Amino acid sequence: MASIQLNRVGKIYPGGVHAVQSVDLSIEHGEFVVLVGPSGCGKSTLLRMIAGLETVSSGTLSIDGVVMNDVPPQDRDIAMVFQNYALYPHMDVRTNMAFGLLRRRRFPSRLKACFSSAYAASRRIERSDIDARVMAAANTLGIESLLARKPAALSGGQRQRVAVGRAIVRQPKVFLFDEPLSNLDAKLRVEMRAELRMLHRRLGATMVYVTHDQEEAMSLGDRVVVLQDGWTQQIATPREIYETPANQFVAGFVGTPTMNLFQGTLACESGRMVFTSSHLRLEGSVPSWQPIVPSLPRSCCLGVRPEHVQLVASGGTPATIEAVEHYGDRMDVVIRSCGHRIVARTGPDATLRDGGAVAVQFDLARAHLFESTKPFARLIG
Ligand code: ADP
């Protein structure tokens, strides 16, 4: 186990691409941290810098308090699991899993001139120990029966388990995962997520995981780091990120379907909050918004999660149903009201049909308010 500290870490690739901008992040022993964001936001670059596969352009990166900026990958005691598994096709599963340790066994004799004999000895591992570690990892992952097979004879999920097993046998200080489930089908991905969570609990290891899939991030991470254009947008638990997104970007990125966002003006009229966005007018008493009353009226962005939009027979703003998506236990209903496209999440309701007329109400007490100009920060809470 190990802690990781990133202090104003940045990365500029040759050609001037600022892939990562001044990231501050402190990962504790045994924590499972997920880096998430859209394609190109810099999450893989950040992970590869932790692994030592990319140089750090600015700032310091430490593991257990020791600065790692110039330490080569093989001396960081880190194991990385890649999206493409990177298994050797000509080796069976047992050898694939043992490969890193077998190579380490040969290391002292090849390079011993460069290192002290004590250091070399500390890296030497007995063959019987390697076999025991492979068996233990295979047991943990339920792949004991596959040890004699070559990768070509494995399914995607089995290959993924072997790739994880290869990382486990190394007993590294830190596990790094770069989109490891992306090549699996949707059902298997969900199963493997649960397995990774269990594995994390069992090993108690420090894990850093990269994904572009916000659902995967929310389901796996003790904490989630949301990135955009190389900048950290929020670092928090999945629950905090969902309930109190730090800005408009996080609000719109996390959650399926995404949060409804309306640009408009918030005012306070006779003690009641009034939000208007083109022809949409929402009114209510929201005690938690009191702190911003002195700054009203002001432009802002109002965010309402689909589960906080209610469709009612009457008494709300008139709306037309554009599409109904059935998921068995729930429905997502796309409506149009006052020129806005709005998504509502409801329980199963056979009366809601494409093209039908409904009325819509918003639970303002659970709505979010953001600045409507950069940095689009949260206004309350
Ligand atoms: P993500 O993993 O979030 O998709 P990356 O970390 O791979 O994003 O890339 C971040 C940015 O850095 C992107 O704009 C990408 O094009 C750029 N980039 C990545 N690798 C290189 C490279 N080797 N050389 C130049 N630019 C790169």
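Does GLY15 satisfy the condition of being assigned to a loop (DSSP other than H, G, I, E, B) and within 15 Å of the ligand (Cβ to nearest atom)?
It is true that GLY15 is assigned to a loop (DSSP other than H, G, I, E, B) and within 15 Å of the ligand (Cβ to nearest atom).
Within the set of pairs 6+ apart or on separate chains, which have a first residue in segment 236-251 that is surrounded by fewer than 18 Cβ atoms within 10 Å (Cβ to Cβ), a second that is modelled with pLDDT under 95, and C-beta atoms under 7 Å apart?
Filtered contacts from segment 236-251: THR244/GLY381.
State the number of residues belonging to segment 159-187 that are part of a helix (DSSP H, G or I) and crowded, with 17+ Cβ neighbours inside 10 Å.
11
Which ones in segment 296-316 are modelled with pLDDT of 95 or more and of a type in the set (Ser, Thr, Tyr)?
Once the filter is applied, which keeps residues that are modelled with pLDDT of 95 or more and of a type in the set (Ser, Thr, Tyr), segment 296-316 yields only SER299.
Inside segment 18-44, can you point out the residues that are assigned to a loop (DSSP other than H, G, I, E, B) and within 13 Å of the ligand (Cβ to nearest atom)?
Answer for segment 18-44, where residues must be assigned to a loop (DSSP other than H, G, I, E, B) and within 13 Å of the ligand (Cβ to nearest atom): GLY37, PRO38, SER39, GLY40, CYS41, GLY42.
With (1) within 19 Å of ARG353 (Cα to Cα); (2) under 35 Å from the mean Cα position of the chain (by Cα) as the list, and ALA313 as the residue in question, which single condition is left unmet?
(2)
Looking at this structure, is SER288 outside any strand (DSSP E or B) and more than 24 Å from VAL324 (Cβ to Cβ)?
When the stated conditions are applied, SER288 passes them.
Restricting the search to segment 220-232, which residues are on the phi < 0 side of the Ramachandran plot and either within 13 Å of the ligand (Cβ to nearest atom) or surrounded by fewer than 17 Cβ atoms within 10 Å (Cβ to Cβ) (or both)?
Once the filter is applied, which keeps residues that are on the phi < 0 side of the Ramachandran plot and either within 13 Å of the ligand (Cβ to nearest atom) or surrounded by fewer than 17 Cβ atoms within 10 Å (Cβ to Cβ) (or both), segment 220-232 yields ASP222, VAL225, VAL226, LEU227, GLN228, TRP231, THR232.
Do you know which of the residues in segment 17-59 that are acidic (Asp, Glu) and in contact with a Lys or Arg (Cβ under 7 Å, 6 or more places away or on another chain) is farthest from GLN228 (Cα to Cα)?
Only one residue tops the list, namely GLU31.
The values are calculated or read from the model by the stated rules, or taken from the named source; none is laboratory data. If you're wondering where the values come from, they're calculated on a predicted model, not measured in any experiment. Counting neighbours? That spans all protein chains shown, and the Cβs are built from the backbone with ideal geometry, glycine included.
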